[in-house]
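Written out below as structure tokens is the structure these notes cover.
The values are calculated or read from the model by the stated rules, or taken from the named source; none is laboratory data. Just so it is clear, the structure is predicted and the values come from calculations on it, not from any experiment. Note: ideal-geometry Cβ built from the backbone for every residue, glycine included; neighbour counts use all protein chains shown.
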Amino acid sequence: MSVVMSRIITRYSNEDNNTNLSCGGNIVHLNLKPGEKVLDLGCGRGGETLLAAAAVGTEGFVWGLDLTPRMLDLARERALTENIYNIEFVQGSMEQIPLPDASLDAVLSNCAINHAPDKLKVYHEIFRVLKPGGRFVVSDIMTDNPLPQEIKEDPDAIAACFGGAITVREYEEALAAAGFPEIDIYKERRYLKNGYEMISRTFQGVKPLERKGVNQ
């Protein structure tokens, strides 16, 4: 059986032997425009969500999605403190995004998708909520080789942002199967986490104007 893979375009300089996670800075690559509608997946305290709201202006709108009520409460407090009102923070799963089909211009996520058990379902959801021509920029972690099963099943390892990592090949297969035929890599860093070799990558995908030949 043939495997569908995304075409990868690299735009980064490798930074090997660095132990620091390189997730973040996604909003720079999104090039948000006034009036756009944006979703921040796994928004946490809402730092990049608030930056996105400022970038799209009062004619645009931004949603922050997270599973943790405490993080969402903190994000709402920050939005009120900074007088940002074109924003809404929603509790929900990345695997079931509570927004309509083709409703967003852009999606960003900073080192959060690795927590989701089903990455393919997350990217299917991203594809669904994006308008044709819409784009995402994601920072996430992956590995060259599969992690041991006991690490994959360890809640502490998953919470520490490494137990949920899948391999680069598995990740790229999921992106292609979800409908993103071409991926631009902006940044990649390799580092050790609890003795395991990890890869942190920041990359972009665009929803094609027409969907052709994608396996569901």
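For the range 41-136, the strands (runs of 3 or more DSSP E) that sit wholly inside it and include 1 or more residues that are without any contact (Cβ under 8 Å) to a residue 60 or more places away in the chain are 61-66, 87-91.
Criterion applied to F180, F162 was being under 24 Å from K33 (Cα atoms) and of a type in the set (F, W, Y), and the one residue passing it is F180. Every listed requirement among (1) at pLDDT 95 or above; (2) buried (at least 16 other Cβ atoms within 10 Å of the Cβ); (3) not in a loop (DSSP other than H, G, I, E, B) is met by K187 save one, (1).
Within the range 144-161, being surrounded by fewer than 20 Cβ atoms within 10 Å (Cβ to Cβ) and either in contact with a His (Cβ under 7 Å, 6 or more places away or on another chain) or not in a loop (DSSP other than H, G, I, E, B) (or both) holds for Q149, E150, I151, K152, P155, D156, I158, A159.
Quick grid of which residues meet (1) surrounded by 14 or more Cβ atoms within 10 Å (Cβ to Cβ); (2) more than 21 Å from F162 (Cβ to Cβ); (3) at pLDDT below 95:
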| site | (1), (2), (3) |
| --- | --- |
| N20 | no, no, yes |
| C23 | yes, no, yes |
| E36 | yes, yes, no |
| G57 | yes, yes, no |
| A79 | yes, yes, no |
| I87 | yes, yes, no |
| V90 | yes, yes, no |
| M94 | yes, no, no |
| L99 | yes, yes, no |
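Pairs linking a residue in the range 24-40 that is farther than 25 Å from S93 by Cα and in contact (Cβ under 8 Å) with a residue 24 or more places away in the chain to a residue that is among the polar types (S, T, N, Q) and not in a helix (DSSP H, G or I), with Cβ atoms under 9 Å and 6 or more positions apart or on different chains, are P34/T58.
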